[in-house]
Amino acid sequence: MADLKIRIGELEFKNPVTTASGTFGFGEEYTDFMDLNRIGGIFTKGTTIRHREGNAYPRMAETPSGMLNAVGLQNKGVDYFISSIYPRIKDYDTNIMVNVSGSTIEDYVATAEKVNELDKIPAIELNISCPNVKQGGMTFGVSCAGAAEVVRAVRKAYSKTLIVKLSPNVTDIVSIAQAVEDEGADSVSLINTLLGMAIDAETRKPYLSTITGGLSGPCVKPVALRMVWQVAKTVKIPVIGLGGIMNAADAIEFFLAGATAIQIGTANFIDPAISVKVVEGINEYLDRHGYSSIYDIIGALEA
Amino acid sequence: MVVSANIPLGSSHFLLKFTHKEKLPEMLPGQFVQVRVDNAPGVFLRRPISVNFVDKQRNELWLLVQKVGEGTRKMSEYKTGDVVNMLLPLGNSFTMPQSTQSRLLLVGGGVGIAPLLYMGSLLKQQGCNPMFLLGARSADGLMQIDDFKQFGDVFITTEDGSAGEKGFVTQHSILQQHIDKIYTCGPTPMMQAVARFAQNNAIECEASLENKMACGFGACLCCVTQTQSGHKCVCSEGPVFNTKELSWQI
Ligand SMILES: Cc1cc2nc3c(=O)[nH]c(=O)nc-3n(C[C@H](O)[C@H](O)[C@H](O)COP(=O)(O)OP(=O)(O)OC[C@H]3O[C@@H](n4cnc5c(N)ncnc54)[C@H](O)[C@@H]3O)c2cc1C
Ligand SMILES: Cc1cc2nc3c(=O)[nH]c(=O)nc-3n(C[C@H](O)[C@H](O)[C@H](O)COP(=O)(O)O)c2cc1C
Ligand code: FES
């Protein structure tokens with residue numbers, strides 16, 4: 001049994017396998033299928049300062065080896081999270097991290113301040129990259145200045161581990177990662193969904209109510225791996241890798257590319273117990289190759 | 001789950017029966033399963049299919065499926081003994097009537113008749129006398145009529161008049177009689193027409209929706225329908241809704 005413990009900033013994880021925001025609800029949706037205490041952490045559904053209804057149906061289209069979604073950050077707001085969801089999930093023995101979204105800097109800061117008060121939430125993941133919100137995340141996440149501005153403001157208001165989730169829909173993700181690191185982020189997670197679209201030729205209509213949406217699943221993995229590798233060799237803070245991870249072998253590829261931890265997203269829909277299986281698979285890989293710690297393979301790509 | 005039978009029904013439908021080595025969990029009428037379709041390169045997500053019937057004595061689950069695309073075509077090739085991975089049971093259920101004396105009409109269109117067979121069997125078991133109104137394009141699309149007849153009177157419409165009364169379910173003469181409650185499943189325009197009829201005649205009506213799904217258990221929020229109290233997940237807060245609750249423009 002290899003040592004799977006990792007650290008992101010001050011925060012220790014029992015293993016490097018976590019679940020991606022928006023694909024895992026608040027964890028409770030999965031308790032019929034798996035033991036939440038066995039994974040390293042859970043990133044909650046995107047949470048905003050106020051209730052959001054999200055986009056109109058249809059919000060999903062299956063695509064070759066993946067899917068498009070346009071959920072549009074449907075959530076009941078941070079106060080509802082604190083009063084109704086947090087008490088039910090806070091005592092799981094895993095790191096529960098709130099994914100914070102917003103359409104203005106004030107909203108991000110106000111949400112982060114409220115979450116900062118919650119004892120059992122050791123970290124937030126700042127979503128500066130959701131492509132679905134019309135005047136929202138996208139505008140911050142696609143420029144260095146915008147990303148730096150929101151991280152600077154939230155860093156002042158939030159004292160615990162601050163993870164910033166990056167958008168792949170940019171020309172140079174490395175410079176954005178550097179800008180975010182310079183403002184005091186403890187970690188970056190990447191990638192969020194790739195902007196895409198799907199058309200029904202028979203009806204000449206788009207499949208999504210919003211026309212465009214976020215692409216996820218195995219089809220995005222090569223792009224995600226490339227970005228994780230580029231960012232990890234440039235920044236000093238730990239990188240959390242995600243995008244199309246379906247099994248332990250995919251996860252290992254992200255560690256080799258330089259990720260310190262990984263998130264599993266869309267794969268949870270196909271096998272709701274996949275995250276626990278990935279923990280077991282990583283352990284098996286490390287044993288089989290004679291490594292004693294997960295750190296032995298982080299960034300160990302031989303190129 | 002292990003396939004115990006795959007029975008073609010007409011040109012585009014088939015009935016799959018599954019058994020399991022352990023006792024099947026309790027399943028409610030209106031609930032569905034999420035089938036993982038393996039060895040179909042174009043199929044990424046699971047496919048939601050309604051519980052058509054549960055044969056408790058044989059520990060058997062029935063799924064009635066229409067071939068529409070790669071996933072359902074692959075399912076039509078299942079052979080006895082094949083092992084199929086599915087999540088079950090998912091979703092809420094139809095609600096039982098207040099009295100066994102209630103006059104109940106179960107209205108199904110196309111493959112939407114699937115959940116009504118199981119619902120009808122349980123109603124009958126509880127001492128009700130359900131009536132079934134089943135619609136299809138033509139006689140070729142009518143399935144399981146003999147199964148339905150075990151549980152109540154069956155009325156039929158076909159759009160081309162090749163069986164039963166000609167027209168849509170909402171034009172059938174049975175609707176002239178007194179009805180206390182309607183349960184419906186089928187294409188959305190049909191369910192909306194049924195809901196409109198129910199509303200105009202002050203009849204309780206429950207509809208089972210078939211929105212596109214990714215997870216099927218409330219985690220992704222892809223499958224929502226607009227209701228009087230905002231977006232609700234069809235997979236976890238449905239698939240069955242009282243039609244009064246839905247924001248249908250009817
Ligand atoms: C809760 C629920 C219960 C269902 N129960 C049954 C059932 O008992 N029997 C049955 O045959 N089908 C049922 N369906 C529909 C079934 O899930 C789809 O027909 C199936 O997913 C199509 O998969 P495919 O790969 O064959 O086709 P695809 O290639 O995915 O699609 C082929 C065509 O079918 C359409 N389609 C896909 N999904 C749906 C959907 N959910 N509703 C309407 N049209 C769709 C697509 O737009 C496309 O035009 C149910 C759906 C839901 C949500
Ligand atoms: C249905 C759905 C909803 C999502 N919602 C969010 C969200 O609220 N916040 C966020 O930061 N990312 C969200 N994402 C993006 C995922 O967290 C992840 O970055 C992306 O799906 C890529 O990983 P994957 O290929 O493993 O799914 C969502 C993805 C999906 C499929
Ligand atoms: S399909 Fe995922 S929430 Fe309903």
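What to note about this one:
- For B:I179, the criteria (1) out of contact with any strand residue (DSSP E or B) (no Cβ under 6 Å at 6 or more places or on another chain); (2) in a loop (DSSP other than H, G, I, E, B); (3) farther than 23 Å from B:Q34 by Cβ hold in every case but one, which is (1).
- Index of the failed condition, A:G66 passing every other in (1) more than 16 Å from ligand 3 (Cβ to nearest atom); (2) under 19 Å from the mean Cα position of the chain (by Cα): (1)
- Looking across the range A:104-116 at every residue that is in a helix (DSSP H, G or I) and hydroxyl-bearing (S, T, Y), the one that is modelled with the lowest pLDDT is identified as A:Y108.
- In the set A:L190, A:L225, only one residue is away from ligand 3 (no atom under 16 Å from the Cβ), surrounded by 24 or more Cβ atoms within 10 Å (Cβ to Cβ) and under 23 Å from A:E125 (Cα atoms); that residue is A:L190.
- Members of the range B:231-246 that are free of Cβ contacts under 8 Å to residues at least 40 places away in the same chain and either in contact with a Phe, Trp or Tyr (Cβ under 7 Å, 6 or more places away or on another chain) or away from chain A (no Cβ under 11 Å) (or both): B:F241, B:N242, B:E245
- Residue pairs meeting the criteria (Cβ under 8 Å; at least 6 apart or on separate chains; first within 14 Å of another protein chain (Cβ to nearest Cβ) and within 14 Å of A:K156 (Cα to Cα), in the range A:111-130; second more than 16 Å from ligand 3 (Cβ to nearest atom) and outside any helix (DSSP H, G or I)): none
- Pick from the range B:51-92, criterion small (G, A, S) and within 16 Å of ligand 3 (Cβ to nearest atom), ranking: surrounded by the most Cβ atoms within 10 Å (Cβ to Cβ): B:G91
- Residue ID - nearest to ligand 3 (Cβ to nearest atom), chosen from residues in the range B:194-210 that are away from every other protein chain (no Cβ under 14 Å) and within 17 Å of the chain's Cα centre (by Cα): B:S208
- Taking the range B:24-64 and the strands (runs of 3 or more DSSP E) fully enclosed by it, the elements with 2 or more residues that are more than 15 Å from B:M213 (Cβ to Cβ) are at B:53-55.
- Residues within the range B:211-230 that are touching a Phe, Trp or Tyr at 6+ places or on another chain (Cβ under 9 Å), more than 6 Å from ligand 3 (Cβ to nearest atom) and farther than 14 Å from A:E62 by Cα, tallied: 5
Yes/no matrix, rows are residues, columns are (1) in contact (Cβ under 8 Å) with a residue 40 or more places away in the chain; (2) aliphatic (A, V, I, L, M); (3) assigned to a strand (DSSP E or B):
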site: A:L68; (1), (2), (3): yes, yes, yes
site: A:L73; (1), (2), (3): yes, yes, no
site: A:D79; (1), (2), (3): no, no, no
site: A:I82; (1), (2), (3): no, yes, no
site: A:I85; (1), (2), (3): yes, yes, no
site: A:Y92; (1), (2), (3): yes, no, no
site: A:I96; (1), (2), (3): yes, yes, yes
site: A:N99; (1), (2), (3): yes, no, yes
site: A:G102; (1), (2), (3): yes, no, no
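- Restricting the range A:263-297 to residues that are more than 14 Å from chain B (Cβ to nearest Cβ) and of a type in the set (V, I, T), the residue that is surrounded by the fewest Cβ atoms within 10 Å (Cβ to Cβ): A:I297
- Test: residue in the range A:117-136 that is part of a helix (DSSP H, G or I) and not acidic (D, E): no
- Qualifying residue in the range A:6-14 (condition: without any contact (Cβ under 8 Å) to a residue 40 or more places away in the chain and surrounded by fewer than 24 Cβ atoms within 10 Å (Cβ to Cβ)): yes
- Yes/no for B:T184 being within 14 Å of chain A (Cβ to nearest Cβ) and not in a loop (DSSP other than H, G, I, E, B): no
- Residue count for the range A:19-48, restricted to those that are more than 8 Å from chain B (Cβ to nearest Cβ), under 19 Å from the mean Cα position of the chain (by Cα) and assigned to a loop (DSSP other than H, G, I, E, B): 9
- Residue within the range B:148-167 that is without any contact (Cβ under 8 Å) to a residue 24 or more places away in the chain and of a type in the set (A, V, I, L, M) present: yes
- Strands (runs of 3 or more DSSP E) within the range A:174-248 that include 3 or more residues farther than 22 Å from A:E10 by Cβ: A:194-197, A:212-216
- Counted residues, the range B:208-227 - those being more than 8 Å from ligand 1 (Cβ to nearest atom) and either outside the structural domain of B:V240 (by TED's automatic domain parsing) or free of Cβ contacts under 8 Å to residues at least 12 places away in the same chain (or both): 3
- Residue check, B:G218 within 14 Å of another protein chain (Cβ to nearest Cβ), touching a Ser or Thr at 6+ places or on another chain (Cβ under 9 Å), crowded, with 24+ Cβ neighbours inside 10 Å and under 30 Å from A:G265 (Cβ atoms): no
- Where strands (runs of 3 or more DSSP E) fall entirely within the range B:192-250, those with at least 1 residues that are of a type in the set (S, T, Y) and touching a His at 6+ places or on another chain (Cβ under 8 Å) are at B:224-227.
- Residue within the range A:45-59 that is of a type outside the set (A, V, I, L, M) and closer than 19 Å to A:L242 by Cα present: yes
- Residue tally, condition more than 20 Å from A:L256 (Cα to Cα) and either among the basic types (K, R) or not in a helix (DSSP H, G or I) (or both), over the range A:267-288: 3
The values are calculated or read from the model by the stated rules, or taken from the named source; none is laboratory data. Values in this document were obtained by computation on a predicted structure and should not be read as measured data. Neighbour counts run over all protein chains shown; Cβ positions are idealised from the backbone, glycine included.
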